[in-house]
Amino acid sequence: MRPLVLVLALAGCSDSLDRSSELAGLRVLAIAAEPTGGAPGQPLSIRALWWSPDTAPPTFRWSVCRAPGDGSIEACAGEERPLDEGPGLDALTIDAPAEAGEHLVRLSLRADAQDEVVAAKRVSVGDDEPRNLNPTLEGLALGEPDGDGERELVATIGEGSAEALDEGDDGDEEELLVSWYASSGEVDDDRSFGPDRFATRWTPAAPPVPTSFFAVLRDGRGGVAWASAASE
């Protein structure tokens, strides 16, 4: 079974983001599936990591469709089969589509006074190849301020998250990547690589405000995990 490959897209977002790490408007940061693949009809748990500046939860609309050849989410519009919808519905369990092949689990996210945000997870349904496992993030820690007021953000990666690649790849392991997000201030890195420990630095806004932080870990083969932290 081939792994699920993550596909994310934003549509109609009114905020122009200079950096992907800046959280200024409604966002979908990641979608995960557990397990990462399934035979036709096998239950899959789907969940989304999202952020909104509003206190009211946005409305989630989930659907699934046959994946278009070009991989675009827009091509799925009008052809999808509804799954579920409702305010704050950021997780659900579905049965893998009955037809083997590539599918998109599609999420449309909408909040009051904000444009629609669309994201999707590419699902490979079948049983002919080994399954890729999701990596794990054990936590996200925010360090104490240094002399300049900057603080370190450290994501702790779970043991065994970097799986060995297929035979014939000279024993290589997956290359893990962390994407960083902050709702105020600025992080040094939008993304970072590393074998077992990932870190970046955060400069708070002036004056400082309560801030949400997220670290999203990806293994490049559809596996994803995340962790969050907050400053007072």
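The values are calculated or read from the model by the stated rules, or taken from the named source; none is laboratory data. Treat the numbers as computed from the prediction; the structure is a model and nothing was measured. Every residue, glycine among them, receives a Cβ derived from its backbone with ideal geometry; neighbour counts consider all protein chains shown.
Here are the numbers:
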quantity	calculated
Test: residue in the stretch 44-57 that is modelled with pLDDT of 90 or more and of a type in the set (S, T, Y)	yes
Residue under evaluation A9, criteria (1) at pLDDT 85 or above; (2) assigned to a loop (DSSP other than H, G, I, E, B), criterion not met	(1)
Residue match in the stretch 214-228 (condition: over 15 Å from the mean Cα position of the chain (by Cα), assigned to a strand (DSSP E or B) and crowded, with 16+ Cβ neighbours inside 10 Å)	no
Test: residue in the stretch 56-65 that is out of contact with any strand residue (DSSP E or B) (no Cβ under 6 Å at 6 or more places or on another chain) and either among the acidic types (D, E) or outside the structural domain of A32 (by TED's automatic domain parsing) (or both)	no
Residue ID - modelled with the lowest pLDDT, chosen from residues in the stretch 188-213 that are within 12 Å of V154 (Cα to Cα) and in a strand (DSSP E or B)	R197
Candidate set from the stretch 88-109 (those that are closer than 12 Å to T59 by Cα and in contact (Cβ under 8 Å) with a residue 60 or more places away in the chain); member that is surrounded by the fewest Cβ atoms within 10 Å (Cβ to Cβ)	L109
Failed item in (1) under 27 Å from S179 (Cα atoms); (2) charged (D, E, K, R); (3) buried (at least 18 other Cβ atoms within 10 Å of the Cβ), with R131 passing the rest	(3)
Scope the stretch 41-57; condition under 20 Å from W180 (Cβ atoms) and either among the aromatic types (F, W, Y) or part of a loop (DSSP other than H, G, I, E, B) (or both); matching residues	W50, W51, S52, P53
Residue that is modelled with the lowest pLDDT [pool: residues in the stretch 107-145 that are of a type in the set (G, A, S) and not in a strand (DSSP E or B)]	A113
Subset of the stretch 48-97 (residues that are aliphatic (A, V, I, L, M) and over 19 Å from T36 (Cβ atoms))	A56, I73, A75, A77, L89
Filtered residues of the stretch 149-194 (kept if exposed (fewer than 13 other Cβ atoms within 10 Å of the Cβ) and free of Cβ contacts under 8 Å to residues at least 40 places away in the same chain)	E159, G160, A164, D166, E167, G168, D169, D170, G171, D172, F193
Scope the stretch 71-106; condition more than 21 Å from the chain's Cα centre (by Cα), closer than 18 Å to G222 by Cα and in a loop (DSSP other than H, G, I, E, B); matching residues	P97, A100
V154 among the hydrophobic types (A, V, I, L, M, F, W, C), farther than 23 Å from D54 by Cβ and touching an Asp or Glu at 6+ places or on another chain (Cβ under 8 Å)	no
Number of positions in the stretch 58-82 that are modelled with pLDDT of 90 or more and surrounded by fewer than 18 Cβ atoms within 10 Å (Cβ to Cβ)	3
